[in-house]
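Any read-out appearing in this document is the output of simple, stated calculations on the displayed coordinates, not a laboratory observation. None of the values given here were measured: they were computed from a predicted structure. Heads up, the Cβs are rebuilt from the backbone with ideal geometry, glycines too, and the neighbour counts pull from every protein chain shown.
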Amino acid sequence: MKLSFKFLISLIAAVFLTSSLLIAFVWKVNQDLSQTQEISSQLITIKQGESLYSLLDELAQKKIITPVWQVKLLSKLNPELTHIRAGTFLLEGQLSSLDVIRIFTQGQPHQFKMTFPEGISFSQWQEKLTQHQWLKQTDYADKLSQLIAPYQHAEGLLFPDTYYFTANSDDFSLIEAAFERMQQTRQQLASALSDEQWYKTLILASIVEKETALVEEMPKVASVFYNRLNKNMRLQTDPTVIYGLGTRYQGDIKRVHLKEKNPYNTYHIKGLTPTPIAMPGLNAIKAVIDPADTDYYYFVADGKGGHVFTTNLKAHNQAVKRYLSLTKPSVNSKN
């Protein structure tokens, strides 16, 4: 059966009109979904196997995407929008509904971070690990023993730095990363040292780390300890005493503490402590590997954030007196 010319023209016009209306409608939907809004910082977790529709219901409740029917309609025309990824994602700032969906379909899960400063102890590391809500807590005692073998204690073996992880990573993964970073540091700075020499380097570097926060002073502090060790003098450094006291330390070192016999009391023992007393950073390690060439055997705080270094006990005692005069409360000071 032949179609009349007028009918063909009408059919073509109808198809064209329908197509135009559909294109205009899709364009309008895209425009609506491209409108941005300020989204306060929040984390959205998508479970493995979760559908786009269930996610849209959650986003609608949070008023992140409204109305959701537009996204559902668009997903029918663009099935790639349904391929959302599992993980925890961060939404914040000026975002459109399309931006939000792209984050879930094309973006990477949010990277959390945890910073371990130089000079804190392994027990403090563990405390930070237990406090992070997005880390999965595990019993890693056996894995830790295997990781650090032949050493019995993780103190000093982990590199202080900022580490990144995704939600629900296990806590031990950060310890492994920090251990590997310290191994890399050894290869970069001291590959020629034996295991014993490297461990002694970490011990002394941890003491240097606790004695001064000034990078420029660290080589001098290291030289003092080397000079004392070479003379068979005791290190007599307070941070080792504090470490030996553990939780018994209440903010001040008493005379009885200095007389206490334990392997970390360098007023009592000669030589180094059996383990590091903290996690030394890069600058402290470098200072121990390459100390300053000095005749210093003593140092004391100068009251200004640094230290006064001296070559003999008489000069040291005078420096101590000056420091005490600076810290002594003024007679006219009010309580």
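Miscellaneous remarks
- Beta bridge orientation in the chain: antiparallel %, DSSP, nearest 5: 90
- Working from label points 7 Å from Cα in the Cα-to-Cβ sense, the Glu180 to Asp139 distance is 2.6 nm.
- Cα shape, the stretch 113-296, gyration tensor, a/c 1.5 rule: prolate
- Sorting 54-64, 232-242, 275-285, 186-196 by their mean Cβ neighbour count within 10 Å, with the most densely packed peptide first, gives 275-285, 232-242, 54-64, 186-196.
- Length added when fully stretched, Gln197-Asn230, from 0.36 nm per residue minus Cα-Cα: 10.3 nm
- In degrees, nearest ten, helix 172-189 long axis to first principal axis of the chain (Cα): 60
- One entry in (i) 48; (ii) 69; (iii) 54 is percent of Cα pairs over 24 Å apart calculated from the shown coordinates; its label is (ii).
- Charge dipole (the stretch 145-273, unit charges on Cβ, about Cα centre) - positive-most of Thr240, Ala177, Phe159: Thr240
- Applying 0.36 nm per residue to the separation of Glu50 and Gln111 and subtracting their alpha-carbon distance, the gain on full extension is 19.9 nm.
- A simple rule links phi to the HN-Hα coupling: the Karplus curve 6.51 cos²θ - 1.76 cosθ + 1.60 with θ = phi - 60°, which for the stretch 123-133 gives 4, 6, 4, 4, 5, 5, 5, 6, 8, 8, 5 Hz, with x for Gly and Pro.
- Candidates Ile84, Gly251, Asn168 compared by Cα position along the dipole of the chain: farthest toward the positive end lies Gly251, with charges placed on Cβ.
- Approximate spin-label separation Thr130-Thr294, in nm, with each point projected 7 Å along Cα-to-Cβ: 3.9
- Summing Cβ point charges (Lys, Arg +1; Asp, Glu -1) relative to the Cα centre of the stretch 36-110 gives a dipole of roughly 160 debye.
- Gain upon complete extension [Lys270, Trp69; 0.36 nm per residue less C-alpha separation]: 64.8 nm
- Peptides 199-212, 165-178 ranked from most to least packed, by the mean per-residue count of other Cβ atoms within 10 Å: 199-212, 165-178.
- Estimated from the Cβ-Cβ distance and a Förster radius of 41 angstrom, the FRET efficiency linking Lys254 and Thr88 is about 0.25.
- On the basis of the beta-carbon distance and an R0 of 56 Å, Gln146 and Gln42 show a calculated FRET efficiency of 0.90.
- Derived scalar couplings ³J(HN,Hα) [the stretch 277-283; Karplus, 6.51 cos²θ - 1.76 cosθ + 1.60; whole Hz; x for Gly, Pro]: 10, 5, 8, x, x, 4, 5
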